[in-house]
Amino acid sequence: MSLPAFDLAIVGAGPAGLAAAHEARNLGLSVVVIDEQDGPGGQIYRDVERVAMHRAHDLDVLGPDYKYGFGLVESLRASGVTHLAGYIVWQIESGGTVWCSDGSQAKRVDARRVLLATGAMERPVPVPGWTLPGVMTAGAAQILMKSAGMVPGGPIAICGSGPLLLLITDQLVRAGANIAVVAETTSFTDYLRAAPKLPKALLGIEYLQKGLAMRRRIKAAGVRMLSGISELRVLGDEKADGVSFKRGGRTHTVQASSVLLHQGVVPNTQATRQLRLQHLWHEEQHYWYPKTLDNGATELEAVYLAGDGCGIYGARAAEASGRLSALQIARSLDVIDDKNFTLKSAPWLSEQKHHRAVRPLLDALFPPPSDILNPPDDATIVCRCEEVTAGSIRKAVALGAQGPNQLKAFLRAGMGPCQGRMCGLTVTEVMARASGKSPADIGAYRIRPPLKPLTLAELADMDPADMDAE
């Protein structure tokens with residue numbers, strides 16, 4: 001059955017999408033939220049509704065920031081928003097049409113405005129051995145805790161850097177996991193470089209207090225924490241059985257059955273790239289982000305952005321940006337005038353500023369290490385789908401490959417099921433270093449629909465009205 005046209009289609013049901021939906025409905029807009037998960041919450045509040053209702057004891061393990069998301073989900077349920085759960089979005093058109101599928105039938109959703117709240121994804125950590133069974137991202141371990149109340153088998157080695165690494169370690173400690181080591185790439189030099197950013201970060205002092213409290217709890221639990229590591233490798237032949245790394249001029253080896261890797265999160269730009277929006281390069285954190293105008297507006301009249309998909313600032317800042325984007329959209333549709341917009345947006349602008357204050361400090365404190373961005377070992381796999389190594393990319397550059405899109409013709413890198421999500425940033429970095437250019441000059445994969453794998457059967461089963469609609 002064909003869906004009616006909406007005022008606003010929101011892609012993504014994380015904090016930005018949930019907040020935008022609630023704000024837009026309060027202003028009288030008809031809203032549809034399209035999300036590939038079975039329940040609202042995005043990655044940060046994943047399964048919070050089910051956990052609150054059926055595994056309430058796990059809320060203590062996952063912490064108060066996770067529990068906070070339940071309020072956002074409740075507001076969505078009470079708002080009258082149409083929620084398409086379990087739908088993947090495979091194409092977005094510049095005029096406001098969103099193509100999606102529930103896994104059996106493709107559908108067309110028309111809207112006067114589209115808000116992309118597609119969030120962030122973990123940066124890939126291509127170190128030797130990262131494709132072995134037993135290795136996963138730290139975020140994947142957190143998904144296990146949220147969706148199934150499970151923890152990886154121990155002993156666990158947790159390696160990398162960033163505030164999310166500390167949060168997940170803290171949650172694993174509370175869940176009773178057996179953690180062998182937390183090995184951080186953050187060094188004393190990083191602390192010195194970040195120090196000038198501290199005064200401004202004090203505007204969001206609660207984030208600093210949370211970080212210090214997490215470190216205290218982890219150490220109090222007896223977990224071994226080492227900082228300033230480099231040359232990380234996952235050990236094992238058929239599966240991971242430990243890690244090795246350099247620290248203080250010595251090589252350390254730690255036995256582990258599970259290895260969790262994490263080097264921060266980056267904006268998920270697949271949808272914004274498919275729309276050919278302009279993207280900028282973040283010099284400090286080495287990621288692409290789409291250029292936005294006032295409150296999430298873009299150069300396309302019908303397309304707006306919100307949340308970590310346009311720059312990493314965290315869940316509460318994403319929530320504020322979602323509300324601001326919804327207000328901007330309402331103004332663009334003449335639902336509210338400029339005076340009302342100014343009045344309603346003021347508290348959310350203040351909220352956004354507060355929650356963004358700590359980010360410059362975090363960006364300086366947790367830079368992605370150069371040997372993660374550009375794996376020095378030629379045998380390290382970069383593109384997991386097509387098993388393309390760092391060495392083969394360097395050879396392709398020497399043979400004349402100018403950028404990631406030309407590299408597809410050389411090696412098929414980025415042409416597997418993930419369509420370059422996992423390898424895109426690393427390919428850009430390796431090609432930039434090999435050619436002596438900047439990542440911004442090398443560029444990124446050109447993304448084409450379908451954004452996610454789609455079967456011919458899903459297309460064949462489409463409602464004829466969807467195919468004929470203008």
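The values are calculated or read from the model by the stated rules, or taken from the named source; none is laboratory data. This is a predicted model, so every value here is computed, not measured. Cβ sites come from the backbone with ideal geometry, for glycine too, and all protein chains shown count toward neighbours. These area figures cover heavy atoms from the full protein model, side chains too; ligands, DNA and RNA do not enter into them. Shrake-Rupley method; radii C 1.70, N 1.55, O 1.52, S 1.80 Å.
Only protein heavy atoms count here; under a 1.4 Å probe, I229 has an accessible surface of about 10 Å².
Sorted on the mean count of surrounding Cβ atoms within 10 Å across their residues, most packed first, peptides 150-156, 120-126, 373-379 read 120-126, 150-156, 373-379. Would you mind classifying the range 1-153 by shape? Square roots of the alpha carbon gyration tensor eigenvalues, ordered a ≥ b ≥ c; an a/c under 1.5 is rounded, otherwise it is prolate if a/b is larger than b/c and oblate if not. Verdict is oblate for the range 1-153. Once the chain from Q278 to M150 is taken as fully extended at 0.36 nm per residue, the excess over their C-alpha distance is 42.0 nm. The aspartates and glutamates whose alpha-carbon is closer than 15 Å to the alpha-carbon of K210, local same-chain residues fewer than 8 away aside, are D65, D170. A Cβ-based charge dipole, computed about the Cα centre of the chain with Lys and Arg at +1 and Asp and Glu at -1, lands at about 1500 debye. The Cβ shell under 15 Å around D102 holds other residues with a net charge of -4, Lys and Arg each +1, Asp and Glu each -1. Local charge for R217 was computed over the other residues whose Cβ lies under 14 Å away, with Lys and Arg +1 and Asp and Glu -1, and equals +3. Counting protein heavy atoms only, the chain has 53 percent of its accessible area on carbon and sulfur, 1.4 angstrom probe. Please determine, in degrees from 0 to 90 and to the nearest 10, the orientation of helix 338-356 with respect to the longest principal axis defined by the Cα atoms of the chain, where the helix direction is its Cα long axis. Orientation of helix 338-356: about 10 degrees from the principal axis. DSSP beta bridges confined to the chain are antiparallel in about 50 percent of cases.
Over the chain, what is the mean sequence separation of C-alpha contacts under 8 Å (at least six apart), divided by residue count, expressed as relative contact order in percent? Over the chain, the number comes to 19 percent.
By the Cβ-Cβ criterion of under 4.7 Å, the unpaired cysteines of the chain are C100, C159, C310, C385, C418.
The stretch between R412 and R250, if pulled fully straight at 0.36 nm per residue, gains 54.5 nm over its current Cα-Cα span.
In the full protein context, the chain carries 42 Å² of accessible surface per residue, based on a 1.4 Å probe and ignoring ligands, DNA and RNA. Of the trypsin sites (Lys or Arg not before Pro) found in the range 425-470, the ones in coil according to DSSP and having at most 14 other Cβ atoms within 10 Å of their Cβ are R446.
For the range 196-290, the relative contact order is 13 percent, taking Cα pairs closer than 8 Å that sit 6 or more residues apart in sequence and dividing their mean separation by the residue count.
Where Lys and Arg each count +1 and Asp and Glu each count -1, what net charge lies around E122 among other residues with Cβ under 13 Å from its Cβ? Surrounding charge for E122 is +1. When each of the peptides 417-427, 56-66 is scored by how many other beta carbons lie within 10 Å of its residues on average, the order from highest to lowest is 417-427, 56-66. Averaged over residues, the count of other Cβ atoms within 10 Å places the peptides 5-17, 27-39, 199-211, 301-313 in the sequence 5-17, 301-313, 27-39, 199-211, highest first.
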